[in-house]
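Colleague: Pasting a structure here, questions to come.
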Amino acid sequence: MQKQAIFQSKLLPYVLVAPQLAVVLIFFYWPALQAVIQSFLLQDAFGLSSNFVWFDNYIELFKDPAYFASIIRTFFFSFAIAVSSLSFALLLAVMADKPLRGSTLYRTLLIWPYAVAPPVVGVLWIFMLHPSLGVLARYLRGAGIDWNPLLNGDQAAALIILAAAWKQISYNFLFFLAGLQAIPKSVFEAAAIDGARPMRRFWTVTFPLLSPTIFFLLVVNIVYAFFDTFGIIDTMTRGGPGTSTVTLVYKVYSDGLLGGNLGSSAAQSVILMVMVIVLTGIQFRFVERKVTY
């Protein structure tokens, strides 16, 4: 028999839920509604008046080649960050799940980077790989690599991907380790008795049983790459050199706050929100079919 919570007052459940609803309405739905309204307006240079322009802000966006370039760049960043962070996190989780001496300390050290804020991550990596001051940059130059992300757009993009993936590895590691520990040991023992080697046991037993965790983390990592990489980009490259590291979320900031084009910035934020919703829906529609629960 299932236990059900019984409240003395019918209003008590609503009172308990009210704070969370207030936070969601004030900090999520209200700003989203304001962005939708702002996307149909055009303000003057001083912000003193606004004109209703219907879909002109959206039409101008789709005529801008720089906007399409930022879309392609965002999808590339998202794919690279998700694949690299998930791969390394899974490798570390498999190693941490083994009965090794000092495994508790090993797991704790791997979790720590998740507590670091994205802007701080950007500062840490730019100190290590700054072309003039970076410790690691000296070794790269010593190895004959002309390392200068301040002038080379490809190197700047690689630096952003490296820092963003490193930040997310700890989060993925936690879920992968929990998923591995939830798999019954008898399954591995049965596979070993059948003569399956460790690599074959991983791909035929471990990986399919981790598919729900992998699917969940795939969605989370793509949303992370779309939104939470803003702090890393702003502290490391500010979208440069040129526009080589300008993603959709950073373009919303640069056009709105720096450029003063609030209507276009709001339209970009609405499109970004719709893109994430559609992308998540596609993942649940097609990717989830291959998930074994």
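Colleague: With only Lys, Arg, Asp and Glu charged, each at its Cβ (+1 for the first two, -1 for the last two), find how big the charge dipole of the stretch 139-205 is about the Cα centre; round to the nearest 20 debye.
Modeller: Values: 6 positive and 4 negative charges, 38 e Å.
Dipole about the Cα centre, nearest 20: 180 debye.
Colleague: Further, regarding this structure: Need the full-extension length gain, Ile277 to Asn152, defined as separation in residues times 0.36 nm minus the C-alpha distance. One decimal, nm.
Modeller: Details: separation 125, 0.36 × 125 = 45.00 nm, distance 3.32 nm.
Result: 41.7 nm gained on full extension.
Colleague: Which residue, chosen from Pro118, Gly259, Thr206, occupies the Cα position most advanced towards the positive end of the dipole of the stretch 58-290, where the dipole is computed from +1 (Lys, Arg) and -1 (Asp, Glu) charges on Cβ about the Cα centre?
Modeller: Most positive-ward Cα: Thr206.
Colleague: Dipole of the chain, Cα-centred, from +1 at each Lys and Arg C-beta and -1 at each Asp and Glu C-beta, to the nearest 20 debye? Walk me through the numbers before you get to the answer.
Modeller: Values: 19 positive and 13 negative charges, 239 e Å.
Charge dipole, the chain, about its Cα centre: 1140 debye, nearest 20.
Colleague: Turning to a different aspect of this structure: Find the centroid of the Cα atoms in the stretch 131-164 and in the stretch 211-288, then give the distance between the two in whole Å.
Modeller: Answer, in whole Å: 24.
Colleague: Give the accessible area for Ile72 in Å² (nearest 10); use a 1.4 Å probe, count only protein heavy atoms, and leave out ligands, DNA and RNA.
Modeller: Using a 1.4 Å probe on the heavy atoms, I get roughly 120 Å².
Colleague: If the chain between Glu60 and Val24 were fully stretched, how many nm would it gain, using 0.36 nm times the residue separation less the Cα-Cα distance?
Modeller: Numbers: separation 36, 0.36 × 36 = 12.96 nm, distance 3.16 nm.
Net length gain for the segment: 9.8 nm.
Colleague: At R0 = 22 Å, how high is the FRET efficiency between Ile37 and Thr243 if r is their beta carbon distance? Nearest 0.05 is fine.
Modeller: Values: r = 28 Å, r/R0 = 1.29.
The pair Ile37/Thr243 has a calculated efficiency of 0.20.
Colleague: May I ask you to evaluate 6.51 cos²θ - 1.76 cosθ + 1.60, the Karplus curve with θ = phi - 60°, for each residue of the stretch 273-282 and list the ³J(HN,Hα) values in order in whole Hz, giving x for glycine and proline?
Modeller: 5, 5, 4, 5, 5, 5, 4, 5, x, 5
Colleague: Could I ask something else about it? When only the heavy atoms of the protein chains count and the probe is 1.4 Å, how do Phe284, Phe227 rank by accessible area, highest first? Mind showing how you got there, number by number?
Modeller: Working: Phe284 100, Phe227 80 Å².
Listed by decreasing accessible area, they come as Phe284, Phe227.
Colleague: Among Ala165, Phe62, Gly179, whose Cα projects farthest towards the positive end of the dipole of the stretch 58-290, with charges put on the beta-carbon of Lys, Arg (+1) and Asp, Glu (-1)?
Modeller: Checking the options against the dipole of the stretch 58-290, the answer is Gly179.
Colleague: Something else about it: How high is the relative contact order of the stretch 58-290, given as a whole-number percent (alpha carbon pairs under 8 Å, six or more residues apart)?
Modeller: On the way: 237 pairs, mean separation 67.1, N = 233.
Computed value for the stretch 58-290: 29 percent relative contact order.
Colleague: State the number of lysine pairs found in the chain whose Cα atoms come within less than 26 Å, restricting to pairs 8 or more positions apart or on distinct chains.
Modeller: Working: Lys63/Lys251; Lys98/Lys167; Lys98/Lys185; Lys167/Lys251; Lys185/Lys290.
Count of close lysine pairs: 5.
Colleague: While we're on this one: Could you check how much of the accessible area of the stretch 136-213 is carbon and sulfur, as a whole percent, using a 1.4 Å probe?
Modeller: On the way: 2740 of 4400 Å².
Carbon and sulfur atoms account for 62 percent of the accessible area of the stretch 136-213.
Colleague: Using a 1.4 Å probe, how large is the accessible area of Ile126, given in Å² and rounded to the nearest 10?
Modeller: Counting only protein heavy atoms, Ile126 exposes about 30 Å² to solvent.
Colleague: Can you sort Thr213, Thr108, Thr74 by 1.4 Å-probe accessible area, starting with the largest?
Modeller: Numbers: Thr213 30, Thr108 55, Thr74 0 Å².
The most accessible residue leads, giving Thr108, Thr213, Thr74.
Colleague: For Trp54, Trp166, give me the order by solvent-accessible area with a 1.4 Å probe, most accessible first, ignoring ligands, DNA and RNA.
Modeller: Details: Trp54 160, Trp166 80 Å².
Ranked from most to least accessible, the order is Trp54, Trp166.
Colleague: Taking 7 Å along the Cα-to-C-beta vector as the label spot, tell me the Val220-Phe79 distance in nanometres, rounded to one decimal.
Modeller: Going by the 7 Å Cα→Cβ label model, 2.4 nm.
Colleague: Now for a separate question. How much accessible area does Leu11 have with a 1.4 Å probe, in Å² rounded to the nearest 10?
Modeller: 120 Å²
Colleague: Could you work out [θ]222 nm for the chain from helices alone, using -39500 (n - 2.57) per DSSP H run of at least four and dividing by all its residues? Round to the nearest 500 deg cm²/dmol. Before the final figure, lay out the partial values.
Modeller: Details: 14 runs with 188 residues, N = 293.
It lands at -20500 deg cm²/dmol.
Colleague: Now a separate question. Which value, in nm² and rounded to one decimal, describes the direction-averaged projected area of the C-alpha convex hull of the chain? Don't skip to the answer; put the middle values down first.
Modeller: Values: hull surface 95.1 nm².
Taking the Cα atoms of the chain, their convex hull projects to 23.8 nm² on average.
The values are calculated or read from the model by the stated rules, or taken from the named source; none is laboratory data. It should be emphasised that the depicted structure is a prediction, and the values quoted were computed from it without experimental measurement. Reconstructed Cβ throughout: ideal geometry from the backbone, glycine too, with neighbour counts over all protein chains shown. These accessible areas exclude ligands, DNA and RNA; they are computed on the full protein's heavy atoms, side chains included. Shrake-Rupley method; radii C 1.70, N 1.55, O 1.52, S 1.80 Å.
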